[in-house]
1. Could you derive backbone 3J(HN,Hα) for the range 218-223 from the dihedral phi with the Karplus parameters 6.51, -1.76 and 1.60 (θ = phi - 60°), listing whole Hz in sequence and x where the residue is Gly or Pro?
2. How are the Cα pair distances of the range 15-227 distributed, in percent, across 10 Å bins from 0?
3. Test of the criteria: in the range 48-84, which trypsin sites (Lys or Arg not before Pro) are in a DSSP loop and have at most 10 other Cβ atoms within 10 angstrom of their Cβ?
4. Find the centroid of the Cα atoms in the range 189-222 and in the range 83-157, then give the distance between the two in whole Å.
5. What are the residues whose amide H is under 5 Å from the amide H of residue 45, where those residues sit 5 or more places off or on another chain and H is modelled from the backbone?
6. Pull up all non-local amide H partners of residue 102: gap of 5 or more, or a different chain, and H-to-H distance under 5 Å with H placed in the peptide plane.
7. With charges only on Cβ, +1 for K and R and -1 for D and E, what is the dipole size of the range 15-227 about its Cα centre, in debye, rounded to 20?
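Values in this text are rule-based calculations from the coordinates and carry no lab data. Note that this is a predicted model, so its numbers are computed, not measured. Cβ atoms come from the backbone with ideal geometry, glycine included; neighbour counts cover every protein chain shown.
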Amino acid sequence: MLAHPALAQDATTTATAPATEEIPAPAPLPQSASELPAAVAEDRITVSSDYRGSTIFVFGVNPDRHGRGDVVVVVRGPGQTASLMRKTRVLGVWVNGPPVRFSSAPSFFAVLSNRPLRQIASAESIWRFGLDPAATAQLETATPRGADPSDYKAALVRLRREQGLYQVYSTRPISDDAGGLTMYQGGLFGAVVRLPANAPIARYWADTYLFRDGRLISSQRKAVDVSRVGVERNIHDLATRASLLYGIVTVMLALFAGWIASILFRRA
């Protein structure tokens, strides 16, 4: 469960990942915009047992020979359900109010731009192109009477930013420890997005936009697959595709480990 910043601070979050690994793409990019020369350094990232996060590197070039325009890079994770419960005071005791459910909210969202986003595009364009995570979060249930739905969206964004799952950067030098967008001479640009270890193992979408005078000029979309390999992959597949067999194997292994431990302690 999530809480609004003005509400109790000890709320926890709950989110349900999609059941399948085939994640549908976000809303299609505008057909009126031309294709921006942009790509990702790696379109497949593997996850092993010692996984501690990874990096998505997006690079490209501004086709305008004078270098005019602003660059925005957005990396989105798959949508997940989420619930928020507002703390209310009843007879002097704080209790959870009725839950407000999101049918879909980005599990991960990073936006990088060469200057503050609201200086690049209007609020309408930010909402239209989904450049803000609150713009793509979809409420499934009504909010309590008198409550503002935007407050719940703001709470969702705030808490996931605290978890490192929502990130916002303006132009900054790229480093290994933090993400950022760097503009180079000749119109070249590079963007680094840090995926924390708690980000979902799924398909991500890297969208690159070029704005000029608040108008979208060109865009590009690339998919990045983050997937398990080795034993991690086998265990995950068994747990998701044959849950009954996975449960039986887990119980048998626990019983076997207990039996071995009893023998060792008996001899000691």
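1. 8, 7, 8, 10, 10, 9
2. Over the range 15-227, the share of Cα pairs per 10 Å bin runs 8, 33, 33, 18, 6, 1, 0 percent.
3. Here the trypsin sites (Lys or Arg not before Pro) that fit, given the DSSP loop and packing criteria, are 52, 65.
4. Here the two parts' Cα centres lie 21 Å apart.
5. Under 5 Å from the amide H of residue 45: 225, 226, 227.
6. Under 5 Å from the amide H of residue 102: 82, 83, 84, 140.
7. 640
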